[in-house]
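To start, the structure itself, in structure tokens.
Where a number appears in this text, it was derived from the coordinates with a stated rule and is not lab data. Nothing here was measured: the structure is a model prediction, and the numbers come from that model. Because the Cβ atoms are built from the backbone with ideal geometry, glycine has one as well, and the counts that use them run over all protein chains shown.
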Amino acid sequence: MSDATLIFVAIVVIYLLSSIKILREYERGVIFRLGRLLSQPKGPGVILVFAPVDRIVRVSLRIDTLEVPAQDVVTRDNVTVKVNAVVYFRVIDPRLAVVEVSNFLYATSQLAQTTLRSVLGEVELDELLSQREKLNVRLQSILDQQTAAWGVKVTLVEVKQVDLAEQMIRAIARQAEAERERRAKIIHAEGEYTAAEKLSMAAEVIQKQPAAIQLRYLQTLVEIGTEKNTTIVFPLPLDILTSLERALDRMAAGNQPVSSKS
């Protein structure tokens, strides 16, 4: 065998060895053959890529995390806040992710920023702070609908942090304090109303059974006697005071001078 043949065989062997590509389980290879896209991506495992006829673009199918930088958002009630978020997405169609968009990662990042500003700008501050889960679902739905044409599936969107101005934080604190005071007053008023109802019912029972007031006197003495004190209590029935008041009225009426007739 001549030297030229050996050189040719060596070149062929080296070329074949260099054409062998190994793709991991989570990778797919999008092949362009003479500039034309093949119908199906290749992988995982061992594949052959015959350069320069073929050109391979590796695409990962794992879930990727994209952090959306803090955005200045003006809410519907004209409050300026800084909001950042995190987006979880994955490529479900490698062919579309390579062909339909130049850089699907950068495109998804820009779309997430604009969507975050537009969606949060339509809600008020209270809704942004209290209904974050609802807003996350809305953001995920909009992003997923927009990125579907790129072969990208947005699985989750989470609003991470909402930064408020110092003046707004103090205003919210005052609002929360006023709300708690309002609830405390309402609870106190409801307690007074309930106590008044119970006292009214107790008065009706005592009115029907006058002996019940004597039992209350005795029960009060028992409660006082259980404590270590030197207090002396003389229960005075209300009937005695009523009788004494009537006697005094009769005495005052009898002592009035009788006017003489001219």
- To the nearest 10 degrees, how steep is helix 166-208 against the longest Cα principal axis of the chain, on a 0 to 90 scale? 40
- Message: Nearest 10 degrees is fine. How inclined is helix 238-254 to the longest principal axis of the chain, computing both from alpha carbons?
- Response: 40
- Task: List the residues whose amide H sits under 5 Å from the amide H of Gln71, counting only those 5 or more places along or on another chain, with H placed 1.01 Å from N in the peptide plane.
- Result: Val83, Asn84
- Item | Value at 222 nm in deg cm²/dmol, rounded to 500, when DSSP H runs of n ≥ 4 in the chain each add -39,500 (n - 2.57) | -17500 deg cm²/dmol
- Item | Unit Cα scatterers, Debye sum, region 3-60: log10 I(q)/I(0) for q = 0.16, 0.17, 0.19, 0.26 Å⁻¹ | -0.54, -0.59, -0.68, -1.00
- Note on the structure: Computed ³J(HN,Hα) along region 57-72: with the Karplus parameters 6.51/-1.76/1.60, θ = phi - 60°, integer Hz and x for glycine or proline, the list is 10, 7, 10, 8, 9, 6, 5, 10, 10, 10, 8, 7, x, 4, 10, 7
- Note on the structure: If one compares the long axis through the Cα atoms of helix 104-120 with the longest principal axis of the Cα atoms of the chain, the angle in degrees, nearest 10, works out at 20
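Using only the Cα atoms of region 43-144, construct the convex hull and provide its projected area averaged over every direction, in square nanometres to one decimal. All intermediate terms of the calculation are to be shown ahead of the outcome.
On the way: hull surface 31.3 nm².
Mean projected area of the Cα convex hull: 7.8 nm².
With a cap of 15 neighbouring Cβ atoms within 10 Å, and only residues DSSP puts in a loop, list the GluC sites (Glu not before Pro) found in region 23-75. Each step should come with its number before you reach the end.
Details: sites: Glu25, Glu27, Glu67; in loops: Glu25.
Loop-located and lightly packed - Glu25.
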- Task: Give me the distance between the Cα centres of region 123-193 and region 95-110, rounded to whole Å.
- Result: 32
- Item | Dipole of the chain, positive direction: furthest Cα of Thr80, Ser60, Leu244, with charges on the beta-carbon | Ser60
- Task: Assign unit charges at the C-beta atoms only (+1 for Lys and Arg, -1 for Asp and Glu), then state the dipole size of region 88-207 relative to its Cα centre in Debye, rounded to the nearest 20.
- Result: 420
- Given charges at Cβ of Lys, Arg, Asp, Glu: the chain dipole, positive-most of Val157, Ala10, Leu48: Ala10
- Note on the structure: Quick calc, region 68-113, dipole around Cα centre from Cβ unit charges on Lys, Arg (+) and Asp, Glu (-), nearest 20 debye, gives 80
- Could you state, as a whole-number percent, how many of the C-alpha pairs of the chain are farther apart than 28 Å? 69
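Counting Lys +1, Arg +1, Asp -1, Glu -1, what net charge surrounds Tyr15 among other residues with beta carbon under 14 Å of its beta carbon? Don't skip to the end; give the middle numbers.
Values: positive: Lys21; negative: Asp54.
Net local charge, Tyr15 excluded: 0.
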- Highest-fluctuation residue, Thr114, Thr147, Thr242 considered, GNM on the chain with Cα pairs under 10 Å: Thr242
